[in-house]
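J.: Sharing a structure here in structure tokens format.
Nothing in this text is a laboratory measurement; each read-out follows from the coordinates by a stated rule. All values derive from a computational prediction rather than experimental measurement. Neighbour counts run over all protein chains shown; Cβ positions are idealised from the backbone, glycine included.
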């Protein structure tokens, strides 16, 4: 393989990794606040794909994209209110099972409504424009994804570190009861978490599917699992961890395909999960504990 | 200011508080003393809205507050310093102080300085994560955080728990100082001696019932209290 080919594949990998990172943040944030693995997150991502197909059928992309983001946010928040909120005081296993239920519900709902036949993903003309940098060439979306990912992550980190809502999120993620004593409305903060997670999933979905051409009701399953692995790899609960995990998995997967081991590219992701859980179960940036007993 | 009448609270299936009544007059320090499991914490948690009540009424400044969610109760001017301090370990000292004023929209500078004046140690450590503070410092932070909501009534759940005697004395000095500045205090303690010395009025709670009440000085002289809580033999 020549250097150019390797760089070309790296670029594709970084781009895929960016989309993975955006989805992985949704897993890690919900886990951080509710200690819940939101198994429905991959399917929220899939539904965002369908939303885009329908939005683009009637509107130009400038309108369609915000519409898809808002639609996905509404779906995420409604899922939280209906399927997770009533189980707030139930054992953690119950809410996890509820999440698995929501995942299957969304998949089957999509199958029922849109059939299992792949639907073509609409092209956003300007995202598909081919760019050349030296010998490298790729569509704009490939360049845009990592940049957008990094910008969104910086914005998110500022939100969490510097704003009142962010402070409340960090407080709620540690201690529900004491947060309530401060006057924080727990449910609003949890909703805010789902708003952010779903919005990022919607953006990730647009970037991901623009390169993939079609959506099926099961399009969310594998990317969802991979992003979950990315979140665990980086240390679930940690946003920088999820981003690093997303990029690592995206790049590794693309390079494996490039080297001709495409059969094993998915297996690699899960091997990574096993190795990580064996040797460093808290992940790369796993929660460091500052509690003094 | 705070009127509790016939309060009943269940805790884990048993009746932990069996219909108690007491009042906390404005600008006073009132203490509930009693052994482990007497229902002291449950009473405070019920007033703060963290546990539902089974019966009775809680009236604050002439308004019913029982049944309101915790975050609304904070808004009425009651705050609870929880047992075991419960500072937010991953937030800095300053953030912990600020989050105490979560419901306020006005400028916090004066109040932050007020808290720093009461606890100069917190000022020195304002950028440290609260989880790295010592137990005594965490207790100071928990009190400072509670003050930031500008409460009319502070409830304190075992502020002396797990602290060295010297530090406990410091915390109690601050409690009296806060009271002098016009904040009403409802204190629960296992350290009956210390609590009764600080308090204007005290109630003795035994397995969910109030069995005795009187001024701090009266209770300190009471033979039953001496025998049960102050470790002195009956004559």
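J.: For segment A:1-125, what class follows from the C-alpha gyration tensor (a ≥ b ≥ c being the square roots of its eigenvalues): rounded when a/c is under 1.5, otherwise prolate if a/b is larger than b/c, else oblate?
T.: Judged from the Cα gyration tensor, segment A:1-125 comes out oblate (a/c at least 1.5, b/c at or above a/b).
J.: Å³ per residue of the Cα convex hull, for chain A?
T.: Expressed per residue, the convex hull around the Cα atoms of chain A is 148 Å³.
J.: Turning to a different aspect of this structure: Hey, got the Cα dimensions of the protein assembly as shown along the principal axes, in Å, largest first?
T.: The Cα atoms of the protein assembly as shown stretch 95, 47, 45 Å along their principal axes.
J.: Mind telling me which of B:129, B:205, B:166 comes out most flexible in a GNM of chain B, alpha-carbon contacts under 10 Å?
T.: B:166
J.: Any chance you could run the full-extension gain for residue B:134 through residue B:15? It's 0.36 nm times the residue separation minus the Cα-Cα distance, nm to one decimal.
T.: 39.3 nm
J.: A further question follows. With the crude spin-label approximation of a point 7 Å out along Cα→Cβ, what separation in nm comes out for residue A:157 versus residue A:2?
T.: 3.7
J.: Calculate for chain A the 222 nm mean residue ellipticity that helices alone would give, adding -39,500 (n - 2.57) per DSSP H run of length 4 or more and normalising by residue count, nearest 500 deg cm²/dmol.
T.: Calculated at 222 nm, the ellipticity per residue is -24000 deg cm²/dmol.
J.: For segment A:44-93, rounded, prolate or oblate, judged on the Cα gyration tensor with a ≥ b ≥ c (square roots of eigenvalues), a/c < 1.5 rounded, else prolate if a/b > b/c?
T.: prolate
J.: Rounded if a/c is under 1.5, else prolate if a/b beats b/c, else oblate: with a ≥ b ≥ c from the C-alpha gyration tensor eigenvalues square-rooted, which is segment A:81-226?
T.: Since a/c reaches 1.5 but b/c is at least a/b, the shape of segment A:81-226 is classed as oblate.
J.: Kindly state, to the nearest 0.05, the FRET efficiency for residue A:175 paired with residue B:68, given R0 = 22 Å and r defined as their beta-carbon distance.
T.: Computed FRET efficiency for residue A:175 and residue B:68: 0.60.
J.: Quick check: pseudo-label points 7 Å beyond the Cα along Cα→Cβ at residue B:169 and residue A:109, how many nm apart are they?
T.: Using points 7 Å along Cα→Cβ, the separation is 6.5 nm.
J.: Which FRET efficiency value, to the nearest 0.05, is calculated for residue B:57 and residue B:36 with the Förster distance at 30 angstrom and r the Cβ-Cβ distance?
T.: Taking R0 as 30 Å, the efficiency between residue B:57 and residue B:36 is 0.65.
J.: A follow-up question, please. If you find the alpha carbon centre of segment A:233-253 and of segment A:78-126, how far apart are they in angstrom?
T.: One Cα centre to the other: 23 Å.
J.: While we're here: Label points 7 Å out from Cα along the Cβ direction at residue B:127 and residue A:195: separation in nm?
T.: 3.2
J.: Can I ask one more? Quick check: the distance between the Cα centres of segment B:71-114 and segment B:163-235, to the nearest angstrom?
T.: 26
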